[in-house]
Structure formats: C-alpha cells, structure tokens
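Right, one structure below, let's go through it.
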Amino acid sequence: MWDPGAWNLYSTGMLVVLACAVIAFLALSRERDDLHRLLLIDLVEIPSLGIIALLGTDLAEALVLPGLVVGIAELLALSQIYLLKEGLREKPEGRLPIEVIELGHAPVIIAVILVVYGIILSGFTGGGVAGLGLIFFFMAKGHRENFSLMEAAAGVSWAIWVASFFVFMFLPEYWWLAVMGAGGGILLKVTAKMSLVGTMWGKPHE
Amino acid sequence: MTPEYLLGLALLVIGTIASAFPRDKDYLTRLINLEIPGFGLLLVMLSYDEALALFTFAGVSVITTFVFVRVMEKRGIP
Amino acid sequence: MNELYAILFGFITLLGGVTTAIYRDPFDKLISLSLLAAGIFPFIVDRGYVDVAAAAALIAPLGTIFTLMVCRRRARDA
Amino acid sequence: MIALAVVAIIAALEAVRVVAERNTMRKLPYLNVVSFAITGSLMLLLPHPLTILACAAYFVGSTLESNAIASTWSGGIRKHE
C-alpha cells in the first residue's frame, strides 16, 4: 500500500540513486566503443556504491570497502585486457612537463606526507593512500625499478597475514597483535601493488 | 534534512547525466565529468558519517583516474 | 552549520558542478572542478572530520594533475 | 561570527566571477581568491589546532593545482630538442 510516511529522506534518496543507476546502465547499453564502455562501467559503479552507502550504518562502511577493492581490481584487469586487445604496447612518455612538478620539491613532499599518513591509517585505506603517493612520485620523478624488492614486499605481507591468521586461530588472547599484523600486511600488499601501477609509466628501460 | 545529503544527491544526478550523455562525446570530457558524481557520493557518505569509506573512496577514485589516463596516453586521443 | 553558510557554500558547490558539466574546454572544466572541490571542504570540516579534509585536500589536486597529462597531449597535437 | 559571514560571501561572489569570466587564464586569479577565502572560512568554522593542518594542506593543494593548470595551459617547459 502507498504510505506517505514511508517517503522519508532515505526512500527519496534511494529512488534518486536508483534513477542514476538506470541512466548509467542505459548509456552503457547504447555505447559501442570499448574505452567509452570502460568509463561508463566506472560511472555505474558510483551509484551502486551510493545505494550501499545509503544504508547508513557500520554495515554500509563494511560493504563499501570490498566494493571499492573489487572495483579497482576489475578496472585494472579490464584496462590491461583492453590494451592487449588493441595491441598497444609502447609506454607513454614519462614525466610531466609542469614547472611546479618537475623543478620543485612538491612531489617528494606530497608523496612523503601521503605515505606517512597511509602508514598511520593502515589497512586497505592506508595502502590506497600510500600507494597513491608512490604512484605520484614514480610518475613525476621517474624510477629505477627494483622489482625483486616489490616481490619480496608482497611475500612478506603474505607471511604476516598468514601469521596473524594463525594468531587469531590459536592464540585468541593476542587478538590486538593479530589485527595490527593483518592491517600492516594489507598495507604493504596494496602499497606494493599500487606502486607497481606507477612504474608502468615511463620509458622502457632496456 | 542535512544540506550535505541534498547537495550530494544533486551532484550525483548532475554528474551522472553529464557523464552518460556528454556534450562532446570524447574520452577526456567523460573522464572529467566522472569526477562530479564522485564528489556527490563523497557528500552522501559524509552525511551518513562513513569516514573510512570516504577516505578509501577518495584514494581509489584518483587511482581510477590514473589508470584511465594511462590507457588514454597509450591509445592516443582520436 | 548555519543556514547562511550552508547556502553560500552549497551555492559554490552547485555552481562548480553545473559549470563543470556544461563547459566544453577541458581547462575551463578543470577550473570549475576545483571550484566544486572548494565548496565541499567547509562541509567536511563542519562535520568535524579534519583529518579527512586534510587528506582529501592533498589527494584532490593529484587527480587534476593526472588529468592534465591528457590535456597536454591534446594541446600539443592540436 | 561576522568574519565568517564576510569571508563566505566573498567566496561566493568570487565564484560567480570565476564563472562569468570568459578567458581561461583570467579565471585563475579569481579561483585563487576563492581558495584563500575557503582556507580562511575553514579556520573560522572550527577553531581547533588540528584545523591549521587541514588549512595548510588545502592551501598547498589548491595552489599546486592552479599552478599546474596554468603551467600546462601555457605549454609547459620548453624542451630543447
């Protein structure tokens, strides 16, 4: 039955966000170009996250984070598939020809602030923030990549993660240690992966 | 009835329409228009006090922009 | 937040959002986008999330700078 | 209280001028005024020691952003090649 009392702020917002999602899907269904479709998939993701965010409890926060993780992973995979399909292999020219970026110390300072802040935050959020700082640094200042170091970081983060899982299982009284270990592990893992994205920029080094 | 909530919904609608049916249909216009609903979602999350989600979304949306810029630079603008 | 400030900052935000959607030149769009971001920060600080505001203020320009790389490409080609 | 009102009104007026200006380069000074005003209003909205940090971050970020836009618009650094 139609109940005027049910049309509170929450329902109206839900209706608006659903309308946005419908518009985005409509545009997606009419689009033929692949890169445009990739952009529209990102557009569809935003109202979908809005529907979750409108739940407005801790549950929403717990559901938005995996949604974002899946979204960024999906986008990375799809963009890589797109590049392979189109046969685009050459790396774009690195370095921004912007005075404030190239001549000043801004990239270093901002990258350091973001990385330190990300380490304080820890978890996936901190990994994203710290990784963003590293992406910016690698892109602005160039890089001498050392992939074995990053592989080592990923391996170490795996080990920390499994160890904290075992702590959860067998020594539940040290749960705080396990939470810190898991948060640090995810931080290391996400940061390593994101900075790998940054090193895909720039001239080929061979 | 918080102002953040209403503003966020308004930006979400404007941005979605602008990004779904942009005036010039090219990649750069769509990429910039995509940031408007992002800010709208940020405001909606703010009105529900979801600080951690807000943080993560801000970081991830910029990484998304970077991935798109990388693809576009490799492809070249048509 | 006082109604006057909500209206003023909301006006800046909406102005930025609408003009970002309707402008055609990418540089004009980016300037409007930074106007939109400027309108949002008072709302974030007013809710008490000062740490979120500090991080978002550092993250938001990075998105613009990444987008500028595509603009540079187009300006050089044209 | 009156200071915050003045700063917010200045921000709104300059935002209108940013939009009304047709030339891309002439928009940038007005945009700078908006970001100065917003920085001031952030501090006046929540007088707390941590807000200084947020103000500084916003100030640095917005200045960097408009500098980057201006630098790219004018063609960036000339390459010798």
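The values are calculated or read from the model by the stated rules, or taken from the named source; none is laboratory data. The structure presented is a predicted model; accordingly, all values stated were derived computationally and were not measured. Counting neighbours? That spans all protein chains shown, and the Cβs are built from the backbone with ideal geometry, glycine included. Remember, those area values only see protein heavy atoms, side chains included, never the ligands or the DNA or RNA. Shrake-Rupley method; radii C 1.70, N 1.55, O 1.52, S 1.80 Å.
Within the option set D:LEU13, D:LEU31, being open to solvent by 40 Å² or more (accessible area, probe 1.4 Å) and not charged (D, E, K, R) holds for one residue only, D:LEU13.
Restricting attention to region C:23-56, which residues are small (Gly, Ala, Ser) and surrounded by fewer than 21 Cβ atoms within 10 Å (Cβ to Cβ)? Give the steps one after another, and end with the answer.
Going through region C:23-56, the residues small (Gly, Ala, Ser) turn out to be C:32, C:34, C:37-39, C:48, C:53-56.
Across region C:23-56, the qualifying residue is only C:GLY48.
Restricting region C:2-42 to residues that are more than 7 Å from every other protein chain (Cβ to nearest Cβ) and not in a helix (DSSP H, G or I) leaves a set whose member that is nearest to B:LEU6 (Cα to Cα) is C:ASN2. When C:ALA60 is tested against (1) open to solvent by 10 Å² or more (accessible area, probe 1.4 Å); (2) over 11 Å from the mean Cα position of the chain (by Cα), exactly one condition is not met: (2).
Within region B:42-57, one or more residues are within 30 Å of A:LEU84 (Cα to Cα), at pLDDT below 90 and in a helix (DSSP H, G or I).
Of a type outside the set (Asp, Glu) and in contact with a Lys or Arg (Cβ under 6 Å, 6 or more places away or on another chain) - does that describe any residue in region C:12-20? Among the residues of region C:12-20, at least one is of a type outside the set (Asp, Glu) and in contact with a Lys or Arg (Cβ under 6 Å, 6 or more places away or on another chain), which makes the answer yes. Does A:ALA182 satisfy the criteria of being more than 17 Å from A:ALA130 (Cα to Cα), open to solvent by less than 70 Å² (accessible area, probe 1.4 Å), under 23 Å from the mean Cα position of the chain (by Cα) and assigned by TED's automatic domain parsing to the domain that holds A:ILE120? Spelling it out, it is not the case that A:ALA182 is more than 17 Å from A:ALA130 (Cα to Cα), open to solvent by less than 70 Å² (accessible area, probe 1.4 Å), under 23 Å from the mean Cα position of the chain (by Cα) and assigned by TED's automatic domain parsing to the domain that holds A:ILE120. Among the residues of region B:1-25, those identified as more than 9 Å from chain C (Cβ to nearest Cβ) and either within 20 Å of A:ARG30 (Cβ to Cβ) or part of a helix (DSSP H, G or I) (or both) are B:TYR5, B:GLY8, B:LEU9, B:LEU12, B:VAL13, B:THR16, B:ALA20, B:PHE21, B:LYS25.
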